[in-house]
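Before any comments, here is the structure.
The values are calculated or read from the model by the stated rules, or taken from the named source; none is laboratory data. The structure displayed is predicted, hence computed values, not measured ones. Glycine also receives a Cβ, built like all others from the backbone with ideal geometry; neighbour counts cover every protein chain displayed.
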Amino acid sequence: MAQVSRRKFIQSSALAAGLAGLPLGTPVAGAAKSGGLSPARRRTFTALVATVAEANGTRFDAAYLRQAADGFDGWYAGAPRETRELVERTLDGVEGNGSQRFSGMSRRRRLAALHGWRHGRSRHAQGLAYDAVTLAGSPFGPPPFANASTMDL
Amino acid sequence: MAADLRKCVVMGPINHGGDVEDLRMNGNLDKVRATGARWVKIWIRWDKAQLFPPSRVPMSSLDTAANDAPGYGAGGGFRYIRAIDEQVALARSAGLKVMLITWLFPRWANGTEGRPADWMRHDRGSATAPVANLKSFEQRIPIGQLGTGGYYGRWLSWLIDRYRRYGQSFALEIMNEPNLQMWPQQGPSPSADPYQQGPLVIDSYIAQMIDTARQLSSARGHPIRIGVGGMADAFGADSRTRTNFQTGVPRTLDRLAARGFPSTPSFIWTHHNYSDIERDLPSPTRAEMTVEMLRGRWRGRGGSTDPRVWLTEGGARLGTQQATDLARQAQLVKSSWDRMTTAPGIEMFPNYLMYENPYANSGLRYSLAAGGGPRPVCDAFTAFPSRV
């Protein structure tokens, strides 16, 4: 199931080793390159990955999150238009779905927000939570969701 | 010519407790039926279904409140089992035939509990892979537990007994991409470098799992169909983390022969066909190559003279090979369907996922957050005739 493409984009991404040490969420060089994620979407993605990683018990640090975002950014830049649109819908939806910006919340509140969407009555929000967790599962390696899906949102 | 190619919608593996691809949710059952598919494939994660070893919660109590743990909700234990039961029953009540695949292994069963995160990393990824990107602990084969009396055998017994009432309208697929997802694929390195290739071992494990299922099924009079193999169709050199199906299939057949695997028509060889579709491969496709590898050797469905293969996962994932946009995605799926309808031995054609997914973007429909409407591939898939 889709393992190869997921691994490929992680493994083929040039990891920006020189970026280690930057504070979490800081826009990094390269993020604004043509076709890449906007800094705002990158912040949302990073916040999403951190939330899912923590909920999943995955070990991570700021450097890893940056590497994950770099890998994702490179993959996104080369993705077909329809896939990019799905990514954008998801990240923008996550960021703006609550009363507070998602990337500005604490991780605990972010997880609570995802949980609330997942278990709420809004089909849109349920779909958004699913898409968000799927998206955030990207850095965690094969197979799809093997790790991320152990989280019961 | 392959007559009456079966059409199968393969739902996503996150299907528990009301998730998006849960058959009970979002009108999914009706959406499957609307495609004209007669088969639907759903997943059961062993690691989530059986939270504790039998010594703590007997197999007879898996569907009771004893099989529960804080934080799981409907995503694990007895509620998860009931969610799967309900999806199977719902599909059958609607006239759909069901394939249920058991996926992953509980950590209490495979010896990974309490291990450091990078344990056996040479079997799980490259020397430079971040720990978080290694194959998961839930993908480790429960070595020593694959026999009929082992944890794996008891789990298969439980599954067969639980769903045997559905007879031949039910297929249990007992493994998922063992040549790609499971570990270890190879034995220890012969040198001081643990990443150096060792002897192939995945073939022995696959064969043992198949033979265990056969013994259990035989003891019960083969009440349901059993899918085996389920190999990913990726090419490339064998390594410590993956085995080309062109190695995996014949080597597994070698091991089955050594075990004296008898004629068992209810056992079906399964295969994934992403590459055939996404690369628009002409005949002989990798699916057809699999049929040929089985010819003269396979003792399951079709027998050695006319081996049959069910394609149980596949699709055209946007962004992969020739699947450059939605229109091309639909064309590729149609092209492969046309090819498979004339391919000897091929009896099932799948499409993976109901909804779009950024990484496995082969879904029939847009995401629910985008309204969930049909994509061109859905229209193409729906147009395929399927009577079985």
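Here is how the numbers come out for the structure above:
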{"item": "Residue match in the range B:10-21 (condition: modelled with pLDDT of 90 or more, surrounded by fewer than 20 Cβ atoms within 10 Å (Cβ to Cβ) and in contact with a Leu (Cβ under 8 Å, 6 or more places away or on another chain))", "result": "no"}
{"item": "Single condition residue B:71 does not satisfy, out of (1) without any contact (Cβ under 8 Å) to a residue 60 or more places away in the chain; (2) assigned to a helix (DSSP H, G or I)", "result": "(2)"}
{"item": "Subset of the range A:25-40 (residues that are within 12 Å of residue A:77 (Cβ to Cβ) and modelled with pLDDT of 90 or more)", "result": "A:36, A:37, A:38"}
{"item": "Qualifying residue in the range B:278-285 (condition: touching a Ser or Thr at 6+ places or on another chain (Cβ under 9 Å) and free of Cβ contacts under 8 Å to residues at least 12 places away in the same chain)", "result": "yes"}
{"item": "Which numbered condition residue A:88 misses (of (1) farther than 27 Å from residue B:373 by Cβ; (2) of a type outside the set (Lys, Arg); (3) surrounded by fewer than 16 Cβ atoms within 10 Å (Cβ to Cβ))", "result": "(1)"}
{"item": "Qualifying positions in the range A:84-111 - away from chain B (no Cβ under 14 Å) and either touching a Ser or Thr at 6+ places or on another chain (Cβ under 6 Å) or under 21 Å from residue A:54 (Cβ atoms) (or both)", "result": "A:98, A:100, A:101, A:102, A:103, A:104, A:105, A:106, A:107, A:108, A:109, A:110"}
{"item": "Neighbours by Cβ (under 8 Å, 6+ apart or cross-chain): first from the range B:146-166, among the small types (Gly, Ala, Ser); second at pLDDT below 95", "result": "none"}
{"item": "Candidates B:20, B:57 - the one that is at the interface with another protein chain (Cβ under 10 Å from one of its Cβ atoms), among the β-branched types (Val, Ile, Thr) and assigned to a loop (DSSP other than H, G, I, E, B)", "result": "B:20"}
{"item": "Any chance residue B:239 is part of a loop (DSSP other than H, G, I, E, B), surrounded by fewer than 18 Cβ atoms within 10 Å (Cβ to Cβ), at negative phi and within 14 Å of chain A (Cβ to nearest Cβ)", "result": "yes"}
{"item": "All positions within the range B:329-344 that are surrounded by 20 or more Cβ atoms within 10 Å (Cβ to Cβ) and not hydrophobic (A, V, I, L, M, F, W, C)", "result": "B:329, B:336, B:339"}
{"item": "Condition check for residue B:366: closer than 21 Å to residue A:127 by Cβ, within 11 Å of chain A (Cβ to nearest Cβ) and either of a type in the set (Gly, Ala, Ser) or crowded, with 24+ Cβ neighbours inside 10 Å (or both)", "result": "no"}
{"item": "For residue B:130: the one exception among (1) in contact (Cβ under 8 Å) with a residue 12 or more places away in the chain; (2) touching a helix residue (DSSP H, G or I) at 6+ places or on another chain (Cβ under 7 Å)", "result": "(1)"}
{"item": "In the range B:199-216, the residues that are surrounded by 22 or more Cβ atoms within 10 Å (Cβ to Cβ), touching a strand residue (DSSP E or B) at 6+ places or on another chain (Cβ under 8 Å) and more than 17 Å from residue B:308 (Cβ to Cβ)", "result": "B:202, B:206, B:209, B:213"}
{"item": "Condition met for residue B:369 (of a type in the set (A, V, I, L, M) and within 19 Å of residue B:9 (Cβ to Cβ))", "result": "no"}
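So that you can scan it fast, the table gives a plain yes or no per residue for (1) more than 19 Å from the chain's Cα centre (by Cα); (2) away from every other protein chain (no Cβ under 11 Å); (3) under 14 Å from residue B:349 (Cβ atoms); (4) outside any loop (DSSP other than H, G, I, E, B):
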site: B:287; (1), (2), (3), (4): no, yes, yes, yes
site: B:293; (1), (2), (3), (4): yes, yes, no, yes
site: B:299; (1), (2), (3), (4): yes, yes, no, no
site: B:304; (1), (2), (3), (4): yes, yes, no, no
site: B:315; (1), (2), (3), (4): no, no, yes, no
site: B:319; (1), (2), (3), (4): yes, no, no, no
site: B:322; (1), (2), (3), (4): yes, yes, no, no
